[in-house]
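Notes to accompany the following structure.
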Amino acid sequence: MREGGGGLEPDCRSAVARKKRGRAQPGRSPVVHANRKRLLRRRQLDEGIGLWRDFGDRNELASALDGLGWLLVYDAKDNSGSLDAFEQSLELRRELADRPGETRALVGVCQVLVALGDVERAESLSRDLLEMAGGDPRTEHFAFHFLADCALIRGDAEEAEKRYRESLQAALPLGDVIETSFEVQGVAMAAAGAGNPHRALRLAGSVEALWESLGASISVAFWDALLERYIGGARERLGADADAVWSEGRAIAFEDAVELALTP
């Protein structure tokens, strides 16, 4: 998530997911330090929300609610609280006729609904988001990704792979390699669901090697559960051959893995 211009521009999971590089300070636990920072950020946002409510500044209030929504869904694991914050922001943006702000808030609502497994509502609002995109690749990327998530949760592997490929194509011009890697993981899971465990493990192995090269360790609860369901299932299906196929994937350059993912 990038802050600026009086608002919050979400860069989806790559920007709000936690990248843990583990630089511990002497005498201080990294976990404790991270918790203190999170609590401080939460306190600042709560104070800001109260302040902007008192002042009647709906624009700043909506921005603070956006910030709280992303903090709660990714750092505090509070999906219901996050959804409430995003929905309040969405209502304010609509009252203000702030179309870009409405789009940002709707991205947050869709993300939390997917995390909650509310596929019916998430899918409907993601289609609205796609219509609102107006050719903007970032918004299209989010909308396609959420639609893919919904299909994958339902078990519709064919639809999921189609949507993840569309999301991947939209993500490429953004130049965000982590965001791109999520789409490759999505295609991998869809391949597993479609009965192609070799393709699934090769793509997923390439993403693992990329993250290791970047020193990134990313964990999002609902995504982790999908990986376990689909990639874990592909491993079980291949049995003793799984590690060898995974190693093949780790040896693939990530750029090549992207091309592989884009190929039906």
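Bear in mind these aren't lab numbers, they're just calculated from the coordinates by the rules spelled out. No experiment lies behind these values; they were computed from the predicted model shown.
Look at where the Cα atoms of region 193-213 and of region 126-174 average out, and the two centres are 20 Å apart.
Quarter the surface of the alpha carbon convex hull of region 190-264 and you get the mean projected area, 4.9 square nanometres. Seen from a random direction on average, the alpha-carbon convex hull of region 124-264 projects onto 7.9 square nanometres. For region 25-124, the fraction of C-alpha pairs more than 15 angstrom apart is 62%.
The alpha carbon radius of gyration of the chain, expressed as a multiple of 2.2 N^0.38 Å, is 1.04. Any idea what angle helix 30-55 forms with the longest principal axis of the chain, computed on alpha-carbon atoms, 0 to 90 degrees, nearest 10? Rounded to the nearest ten degrees, it is 40. With angles folded into 0 to 90 degrees, how steeply does helix 99-116 sit against the dominant principal axis of the chain? Use alpha carbons for both and round to 10. Roughly 50 degrees between the two axes.
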